[in-house]
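What follows is a single structure, written as structure tokens, with notes after it.
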Amino acid sequence: MSDTHTFDVEEVNKDSNNVYVFISYSHDDMEIARCLYDELNNINPDRVRCFLDAYSIRSGEQWHSEIIANLRVADWLIFLYTGRERRSYDYCGFEIGIFASVHSLNTSKKIIESARLLCLHDTPAVPSLLSMVQNRLIRPYQAEDPDGTSKEHEFYRDSPLAQFFEDFYYQYPPVMPLREMLPRVPGRGSQLKEMPNIASEIVKRVKNLTMKFQEARKNDPISEKFYQVRMEIDVRNAGPQVITEIPGRSTVTAMQDTFNLIGLSPDPDQNGEMRTTWGEMRNILVSNNETSSWMDKVEDDILDAVHQHNLRSPEISFRARDGQFYRPLLARQIIYGNGARKFSVIFVRTLPRKFVGDETTSALLIGLILASRFRFVFIESGQELLNKTLGDETTEPEFQLACRQLLYDVERMEQESSEFGMNSPDLLQDSRFAHFQGGLSESTESRV
């Protein structure tokens, strides 16, 4: 039986002559909220009552009950949205639900019958939850010439934010305006052109609030560039007690240059991002006879990270579609409160290796070294390798690990030979012929 928490909600004594405003915001946008709080209060300090939790809740009070009580009496519920993530205690749907219930608003469709529930934002779009309310876009004035004061005034006077302030001055529905204003004519639209003093006052408030939105953007990144190709892997429900492999449905997000390296070309989604799944990526690589051993390396590292182990799998490099060699490295892990995890993997390009000396003799030396290594590992130690891999006492996990290691060893030799330029059989043949021809010339000269 789960515990239930109840709160004693104290009623707020509401004066019908006053206007009650509840400001909802992300705590990262505190300065914007304070500016709106001040601008609304200054319209008519005797009648405007704004609720802003940073100002309105005293230390030691039940903040849940305070919020609910002030939502119930609010004539306006105003959301501030800049695109920043709202934390768990930054309510949104909760506040809409209470406000809509008190005012009998239909939340199943866009709320257009009341301008008292709205969102002020400077983003191209708002979350779906806020799309049902009235939206007012914040737009800064872009000066076209130094003497554009009159144009700036007109721009802000005709802006969506000025429309909000005009509605607020009049109150909605108009019962008793907050200032001396012309009677509002239903269906006529804005009347600010006919009230120059009120218009100048509203323009000043619009500019102040717009500047606060702009100031909040100063700490936002304006550009981002990564100097290593990378991908991000989203693993859901990655609790350390259950995950034994990366689920095939895990989302893989990367730029086109990253997918080009491994021979994939997924279609962009509705946000323009290129995505695939871990399972789809492996299936495509296998069906195209592309190496997928680097995925095993990444998976081993991610499992070690989930289980809080040191990264134990050996380093591995692979030849990408551009002909270069890359090493996958697990660079970052983000853990979310719901158990989901995001892993960032970067692909570091390896430097080409080359023996110092004559190309023909170097090629022969490289060939001898790689051939000797192959003989030592797979021929001279072949019986020991078979016993270890296929022995009667070998368990299934040990067999899989041994087979994976065998693939690593074979691919590593192939990659090393390519890095040294030995991926072309003609090179070794030309080197042997040149070495033979050089030795023959020296022998002929000595006889003469």
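Below are the figures for this structure:
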item	result
Residue list for the stretch 12-38, restricted to those being in a strand (DSSP E or B) and under 15 Å from Leu178 (Cα atoms)	Val19, Tyr20, Val21
2 or more residues modelled with pLDDT of 85 or more, within 20 Å of Lys14 (Cβ to Cβ) and out of contact with any strand residue (DSSP E or B) (no Cβ under 6 Å at 6 or more places or on another chain): qualifying helices (runs of 4 or more DSSP H) within the stretch 39-105	63-73
Residue check, Ile316 touching a residue at least 60 places away in the same chain (Cβ under 8 Å), surrounded by 12 or more Cβ atoms within 10 Å (Cβ to Cβ) and farther than 21 Å from Phe226 by Cα	yes
Criterion: surrounded by 12 or more Cβ atoms within 10 Å (Cβ to Cβ) and in contact with a strand residue (DSSP E or B) (Cβ under 7 Å, 6 or more places away or on another chain) - qualifying residue of Arg217, Arg236, Arg275	Arg275
Single unsatisfied condition, Leu182 versus (1) free of Cβ contacts under 8 Å to residues at least 12 places away in the same chain; (2) part of a loop (DSSP other than H, G, I, E, B)	(1)
Answer residue from the stretch 219-266, given it is at pLDDT below 90 and hydroxyl-bearing (Ser, Thr, Tyr) and is nearest to Thr82 (Cα to Cα) among those	Ser223
Selected residue [modelled with pLDDT of 70 or more and not in a helix (DSSP H, G or I)] from Arg332, Arg373, Arg353	Arg332
Asn387 being assigned to a loop (DSSP other than H, G, I, E, B), at pLDDT 70 or above and either loosely packed, with under 11 Cβ neighbours inside 10 Å or on the phi < 0 side of the Ramachandran plot (or both)	no
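Residue by residue, here is whether (1) in contact (Cβ under 8 Å) with a residue 12 or more places away in the chain; (2) crowded, with 17+ Cβ neighbours inside 10 Å holds:
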| position | (1), (2) |
| --- | --- |
| Gly248 | yes, no |
| Ala254 | yes, yes |
| Asp267 | no, no |
| Leu285 | yes, yes |
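The values are calculated or read from the model by the stated rules, or taken from the named source; none is laboratory data. All values derive from a computational prediction rather than experimental measurement. Don't worry about glycine lacking a Cβ; one is built from the backbone with ideal geometry, like all the others, and counts go over all protein chains shown.
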